[in-house]
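All remarks here apply to the structure that follows.
The values are calculated or read from the model by the stated rules, or taken from the named source; none is laboratory data. No experiment lies behind these values; they were computed from the predicted model shown. Don't worry about glycine lacking a Cβ; one is built from the backbone with ideal geometry, like all the others, and counts go over all protein chains shown.
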Amino acid sequence: MKIKNPFFKKINEIKLLNICKALNVKNSDKKTKIIGINDLKNAKKNEISFFNSLKYLYLLKNTKAKFLITNIRYKNVVNKYSNALIVDNVLKSVGILTNLFYPNALNDLIDFNIDENNIKKYKNINYGKNVLVGKNVKIGKNTSIGHNTIIESNVVIGSNCSIGNNIIIKNSLIGKNVTILDGSIIGKKGFGFFPDNKINFRYPHVGMVIIKDNAEIGSNNTIDRGSISNTVIGNNTFLDNQVHVAHNVNIGNNCIITAQVGFAGSSFIGNKVSIGGQAGISGHLKIGNNVQIGGGSGVIKDIPDNSRVMGYPAQDIRNFLKKNK
Amino acid sequence: MKIKNPFFKKINEIKLLNICKALNVKNSDKKTKIIGINDLKNAKKNEISFFNSLKYLYLLKNTKAKFLITNIRYKNVVNKYSNALIVDNVLKSVGILTNLFYPNALNDLIDFNIDENNIKKYKNINYGKNVLVGKNVKIGKNTSIGHNTIIESNVVIGSNCSIGNNIIIKNSLIGKNVTILDGSIIGKKGFGFFPDNKINFRYPHVGMVIIKDNAEIGSNNTIDRGSISNTVIGNNTFLDNQVHVAHNVNIGNNCIITAQVGFAGSSFIGNKVSIGGQAGISGHLKIGNNVQIGGGSGVIKDIPDNSRVMGYPAQDIRNFLKKNK
Amino acid sequence: MKIKNPFFKKINEIKLLNICKALNVKNSDKKTKIIGINDLKNAKKNEISFFNSLKYLYLLKNTKAKFLITNIRYKNVVNKYSNALIVDNVLKSVGILTNLFYPNALNDLIDFNIDENNIKKYKNINYGKNVLVGKNVKIGKNTSIGHNTIIESNVVIGSNCSIGNNIIIKNSLIGKNVTILDGSIIGKKGFGFFPDNKINFRYPHVGMVIIKDNAEIGSNNTIDRGSISNTVIGNNTFLDNQVHVAHNVNIGNNCIITAQVGFAGSSFIGNKVSIGGQAGISGHLKIGNNVQIGGGSGVIKDIPDNSRVMGYPAQDIRNFLKKNK
């Protein structure tokens, strides 16, 4: 399901010529117009995609994208199925291209369109003092918004939600009957960038945070929005205090995430997963359904369904407890 | 010592008939009235208590409560000393009953009675900009309250306290000469609920946070209030930044709790305990007096007085350091 | 390089007689005036310094300080090179003396000189609602300040900075092109004190936080200022969310510090150091250049240049992964 992202204004089309200039790629094609950037699987003919590892060869074979950003190593294989645009650093070039299509994506730290008076137009909601709301915000009926809370432009909040005090919400779609506790920061850009000796290159984040129905987010949490895809908190999933969820993390339904847990970027967490306090989940992992992860664990590899793990690195909980008797 | 809790309005009495209806228990007694819910030890004759484990048989034998919530397993033993109300899930039923007696306990996220003008009536205090104070708040002399701080209704703050900026205090009794640093959130409900496939059942939290004289709470801490009992920070105990204290935790006097430490629910920490950064203390533990816990430790069992431990799981510090030389 | 500290007003000179009274040291010298307190290496003739360990004998031999706080153990060695002021607790006495010279250093929790109107005088900046700014604050051009943010008196912020919402900055010098994300608390006093049975003795913190050009500080971070020296975040160093940096920590240039990392006090981190999520760095350590520290690690000893470590305690990453296969 593709959910419309109302937060980042996209340029409709850019000439391939201008893209190649920005990426420092030789090109004499003056006519072709590109309408966007996308992954190998979903890219349309006139979108650009990228190829960075033979792991994705099966996707390359079927890609519709006519142009692919890649490096010299993959030039020949890419040219079999598409047209290679050869760059030094593939991911950095993807970042540069994303910036071209979403010129406002990096400049999102403060929403200067918010105002204390905007909240007054909403009916059938309760709100506290100094609530600052941006433009085109949607708030469902019977929802409460606490004191000093900031809701930035285009955010959508469903009905029957309780949004506490001192909260900041941006670039987020929030379902029905969701509770967000005091001091949480939802939807800021993720910690993604390319290191550089002088000034690091900030990767644009044009994804959102999606919080589904009946979820609860504890106090002083930080949930970063996705880079190209979204960060998702599933239905009826509860997060305790001081939890950190990095960009592109996808947490399933009915999960229980205890205090001070941290998720590095892009991991998928199944349904009915419970995670004890202070555990850490590394990036790009797949945690199955019905998994229990003990407090303090450090998870550095995929965990299959129905497992119980503990330890650093996390292992079968019986082994962990036996070893440490 | 029983400290009066001014935060949650209690219903004076409920007919046993109505309680049984809410718990789905058969009952034909139309006369008996129940005046509250309490633990086995402290329950009066006309309060309801509960029995959930043979560990508490010694308390059962002396309980004054005429009615006890329990499950089919303990029916006979309970009926020897009291009258069993048989339910499927004892703790969930206790939650439902607590909700009956304290109907506002779950609906506490935002205090809409707070106002910027309320602070003006206090004499001999200093306060910053945009301080929001609720009804019936008590603030002792020579206390300072920082900018944008929220003090909800019925909170009590002693004299000579320093309450910083952007702080939220609710359901809390705070002693004299207490310092609370910027961004901390004190007294919100704990992370206690019964998981359910559709919508988790929120356990009501009718306890308080009690912070005793000369204590210091660092920045961006979260200290949750107790469920039925209280969360306590002892005299002259200092907490560093980003510490999380879950519901019902009881920290003794003269403790030193370094940054990013986390306490799961209901643990008792003795006096003169020092805990290094990022250590985690599991729930329902008893940590003795004069205990030193090394940074990064994961404590998963009780620790006797005068111990020095480190590791995950925490063990005698000499063993830990020897093993890891 | 000595950077001027505009935050703590220093008394110009105090009679040795009064110092000795405060420290409970016998003294009959009524004439000598002392102009400050400093470390062994940098102390001038009429500043007081202190000696607490034979480790620093080489500095003692060349100190210019005419008076040194020490204890009875080091009386003779100190008197060879300087004049011993004998106390029971050297560090506590240094704290008392620092308090004498900087009488406002402990009383800094709230800046009552800040006001919503102060921001209006700055040209060529952008600012949100309810921005509270103190006296003598400097803000460079093209800098943005978000909603509800507090900038206390004498803080310096360079040009082209992005300071987000709900941020508190005090006792800090911030360079150019620095980004600080929502909810961070920069420059509060560190967690340094001498435990006492009745009321802990707070060590004054008269250092600053220095954040250099092109650095980025994530959301809900806490960065404490130094005690006598400063806490430093280097050029182009990026911190993720919920990071804690204790007093006197010095982080080099081009470092990458992932979410929920914690630094105990007074450690030196080299350049191009990357630290994975939730890792902890103990106090008083030296981490070299080009070091990579795996997520969840607990670093309890110095790490040489170009190392890759992981584990608790941290060890060579190949050993850690081999052991835990």
Exercise for review: Name the single residue, out of those in the range C:237-270 being more than 14 Å from chain A (Cβ to nearest Cβ) and on the phi > 0 side of the Ramachandran plot, that is modelled with the highest pLDDT.
Suggested key: C:248
**Study point:** Residue within the range A:88-107 that is without any contact (Cβ under 8 Å) to a residue 40 or more places away in the chain, among the aliphatic types (A, V, I, L, M) and surrounded by 21 or more Cβ atoms within 10 Å (Cβ to Cβ) present
**Key:** no
Review point. Can you name every residue in the range A:288-306 that is within 14 Å of chain B (Cβ to nearest Cβ) and not in a strand (DSSP E or B)?
Key: A:289, A:290, A:294, A:295, A:296, A:297
Review point. Tally time: how many residues in the range A:213-264 are assigned to a strand (DSSP E or B) and either of a type in the set (D, E, K, R) or not assigned by TED's automatic domain parsing to the domain that holds residue A:170 (or both)?
Key: 1
Check your understanding: Exactly one of (1) of a type in the set (A, V, I, L, M); (2) farther than 25 Å from residue B:221 by Cα; (3) within 13 Å of another protein chain (Cβ to nearest Cβ) is unmet by residue A:208. Its number?
Key -> (3)
Review point. Which one of B:273, B:245 is surrounded by 24 or more Cβ atoms within 10 Å (Cβ to Cβ), closer than 28 Å to residue C:223 by Cβ and in contact with a Cys (Cβ under 7 Å, 6 or more places away or on another chain)?
Key: B:273
Study note, to complete from the structure: Picked from the range C:293-306 (must be over 24 Å from the mean Cα position of the chain (by Cα) and surrounded by 18 or more Cβ atoms within 10 Å (Cβ to Cβ)), the residue nearest to residue B:314 (Cα to Cα) is C:296
Practice item. Can you confirm whether the range B:184-203 contains a residue that is among the β-branched types (Val, Ile, Thr), part of a loop (DSSP other than H, G, I, E, B) and closer than 19 Å to residue B:232 by Cα? Key: no
Exercise for review: Please state which one of A:294, A:277, A:311, A:298 is over 15 Å from residue A:258 (Cα atoms) and not aliphatic (A, V, I, L, M).
Suggested key: A:311
**Study point:** Test: residue in the range C:86-105 that is modelled with pLDDT of 95 or more and more than 26 Å from the chain's Cα centre (by Cα)
**Key:** yes
Review point. Quick check, is residue C:234 under 18 Å from the mean Cα position of the chain (by Cα) and modelled with pLDDT under 95?
Key: no
Revision key, fill the gap. Among residues of the range B:163-183 being more than 7 Å from every other protein chain (Cβ to nearest Cβ) and part of a loop (DSSP other than H, G, I, E, B), the residue surrounded by the most Cβ atoms within 10 Å (Cβ to Cβ) is B:171
Check your understanding: Somewhere in the range C:10-31, is a residue farther than 23 Å from residue C:229 by Cβ, crowded, with 19+ Cβ neighbours inside 10 Å and free of Cβ contacts under 8 Å to residues at least 12 places away in the same chain?
Key -> no
Review point. Taking the stated definitions as given, is residue A:224 more than 26 Å from residue B:263 (Cα to Cα) and either of a type in the set (D, E, K, R) or free of Cβ contacts under 8 Å to residues at least 12 places away in the same chain (or both)?
Key: no
Check your understanding: Yes or no: residue A:120 in a helix (DSSP H, G or I), closer than 30 Å to residue C:166 by Cα and either free of Cβ contacts under 8 Å to residues at least 24 places away in the same chain or in contact with a His (Cβ under 8 Å, 6 or more places away or on another chain) (or both)?
Key -> yes
**Study point:** Answer residue from the range B:128-162, given it is more than 21 Å from the chain's Cα centre (by Cα), within 19 Å of residue B:117 (Cβ to Cβ) and of a type in the set (A, V, I, L, M, F, W, C) and is farthest from the other protein chains (Cβ to nearest Cβ) among those
**Key:** B:139
Check your understanding: So which residues in the range C:249-285 are in contact (Cβ under 8 Å) with a residue 40 or more places away in the chain and out of contact with any His (no Cβ under 9 Å at 6 or more places or on another chain), if there are any at all?
Key -> C:253
